[in-house]
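Values quoted throughout were computed directly from the atomic coordinates according to the rules given, and no laboratory measurement underlies them. Fair warning: this is a prediction, and the values are worked out from it, not measured in the lab. Every residue, glycine among them, receives a Cβ derived from its backbone with ideal geometry; neighbour counts consider all protein chains shown.
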Amino acid sequence: MATLNQKTFKLHSWLGLFNGAWMVILGISGALLVYYHEIDRFINKSTLTVTPQQQRLPVDSLYKIVWAKCPLASGTNIVHFPQNETDCYSFRVYISDGSKPITHWWDTYNIDINPYNGAVLREGYYRNISSSFMHWLLNFHWSLNAGPVGLLIVAIAGLLLFANIITGIIIYRKYFFKALLFKAPVKWSNWRTGTSGLHRYIGVWSLVFNILIFYSGLQMNWNAFDKSTWVPPETYPRNDMRFASIDKMINDVQHIYPGFDIKYFYIPFTKKMRYNENGETAQAMGNIPGTPSIIPQSSSSISFDVTTGAITGKQNVNEDLKKMNLWQQFNAVVYSFHVGSFAGNFSRILYIFIGFTPAFLSISGFMLWWRRKGKRKNNYTP
């Protein structure tokens, strides 16, 4: 058993050293992204605040502005609707171009528009920090701003981080419940024992959340292992047919699900999309009143034929969950544990602190490894 512990500790140490930078990068960036929209709007308040006027332009007019600015885009998402009279619309535009370097095959472009006069307030690629720091950070956290290559690197880092957690559980298994019940006092006789105690406590208390965070992150990046991700995207012709009114589609949502909170509204530009053979479908994604906060707030949706405005499909996540088994239900809600939205503002604030725990564990683990470096194996102590 001692030999197993020694080997596990050695593996845990090397994984910790290798993962150290990733734990710091992903942990801190993730903590900041908990309040992604709020921070972005605070930083760019002067740019994104508009002067109220008597009447807003229809969404159809704003959509045409985005359409004209991004001729190679496959579609756009309205990712922010005005919450008050001084707020703007935000469009996230998806551009697929296999002729570009692999890191730019699938680009994301941001356009913020004044809803009263159609003026573009801000625009630029998510991968350009000069456009928006928070957009850049979101893309960096997900794929290092390096397309499929970055996606794969982050996915592999997630697997190694998960292995780091498992080996940590094995090493500290005897102290696990003691730490949970605060029955393993931290000894401050020297910096090593104090650091070791804090490392143990923070590791145990953040364990469940970090497992959920890393698992859900890996789930979102798993397509990095799909061979289709590494095939250059084709460019499809734009849909030249007359579009139905997007404003009417948005209004129809309220008739179908009264009180429906639209988080995103996707509008296609082409007749074919990467993930959907039918590129003529517009979709409102959001939250039906009464949906538990543990469920991702864009899980319900209504689909429309973009040329006629006819409803082509509805998805009520509350009804769908009843038809799922326990494992399917877990995977349906695990995204909320990744972004910290499962318990409203309480969990979001909690996640700011949890986001820094991987960085602390990495630094404290390195200090402990450095202290033990050069000691004989029979001096091993967990």
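Given a 10 angstrom Cα cut-off, can you work out which residue in Ser228, Ser196, Ser293 is the most mobile in a GNM of the chain?
It is Ser228.
Taking the convex hull of the Cα atoms, report for the chain its projected area averaged over all directions, in nm². Don't skip to the answer; put the middle values down first.
Working: hull surface 89.7 nm².
If I average the Cα hull's projected area over directions, I get 22.4 nm².
Per q in 0.14 1/Å, what log10 I(q)/I(0) does a Debye calculation on the alpha-carbon atoms of the range 246-356 return?
-0.67
Can you give me the C-alpha center-to-center distance between the range 64-80 and the range 181-230, rounded to a whole angstrom?
After rounding, the separation between the Cα centres reads 40 Å.
Any chance you could run the full-extension gain for Ser99 through Val79? It's 0.36 nm times the residue separation minus the Cα-Cα distance, nm to one decimal. Mind dumping the intermediate values first?
Numbers: separation 20, 0.36 × 20 = 7.20 nm, distance 2.74 nm.
The span from Ser99 to Val79 would gain 4.5 nm if fully extended.
Compare Asn221, Asn325, Asn117 in a GNM of the chain, Cα atoms joined below 10 Å, and give the one with the largest fluctuation.
Asn325
Quick check: pseudo-label points 7 Å beyond the Cα along Cα→Cβ at Phe18 and Lys45, how many nm apart are they?
So the two model labels end up 4.6 nm from each other.
Working out 0.36 nm times the residue gap between Leu180 and Arg348, then minus their Cα-Cα distance, what length gain in nm do you get to one decimal?
On the way: separation 168, 0.36 × 168 = 60.48 nm, distance 2.22 nm.
Answer, rounded to one decimal: 58.3 nm.
With respect to the cross-link table entries Lys227/Lys263; Lys227/Lys248; Lys178/Lys322; Lys45/Lys263, which display a Cα-Cα separation exceeding 29 Å?
Details: Lys227/Lys263 31 Å; Lys227/Lys248 39 Å; Lys178/Lys322 38 Å; Lys45/Lys263 21 Å.
Pairs exceeding 29 Å: Lys227/Lys263; Lys227/Lys248; Lys178/Lys322.
Please state the relative contact order of the range 76-193 as a whole percent: Cα pairs under 8 Å, 6+ residues apart?
13
Add -39500 (n - 2.57) for each DSSP H run of 4 or more in the chain, then divide by its residues: what number comes out at 222 nm, to the nearest 500 deg cm²/dmol? Mind showing how you got there, number by number?
Numbers: 13 runs with 185 residues, N = 382.
Value at 222 nm, helices only, nearest 500: -15500 deg cm²/dmol.
With 10 angstrom as the radius, rank Trp67, Trp191, Trp22 by how many other C-beta atoms surround their C-beta, starting from the fewest. Walk me through the numbers on the way to the answer.
On the way: Trp67 16, Trp191 11, Trp22 19.
Fewest to most other Cβ atoms nearby, the residues stand as Trp191, Trp67, Trp22.
Normalised by the residues of the chain, what does the relative contact order come to in percent, with Cα pairs under 8 Å and at least six apart? Intermediate results must be reported in sequence, preceding the final value.
Values: 585 pairs, mean separation 78.7, N = 382.
Relative contact order for the chain comes out at 21 percent.
In a GNM of the chain with a 10 Å cut-off on Cα contacts, which of Pro233, Pro292, Pro115 has the highest mean-square fluctuation?
Result: Pro292 has the largest fluctuation of those listed.
By counting other Cβ atoms within 10 Å of each Cβ, how are Ile170, Ile267 ranked from fewest to most? Walk me through the numbers on the way to the answer.
On the way: Ile170 14, Ile267 22.
Fewest-to-most Cβ neighbours within 10 Å comes out as Ile170, Ile267.
Which peptide among 68-76, 40-48 comes first, and what is the full order, when sorted by highest mean count of other Cβ atoms within 10 Å? Spell out each step's value before the answer.
Details: 68-76: 18.2, 40-48: 14.6.
Going by the mean number of other Cβ atoms within 10 Å, highest first, we get 68-76, 40-48.
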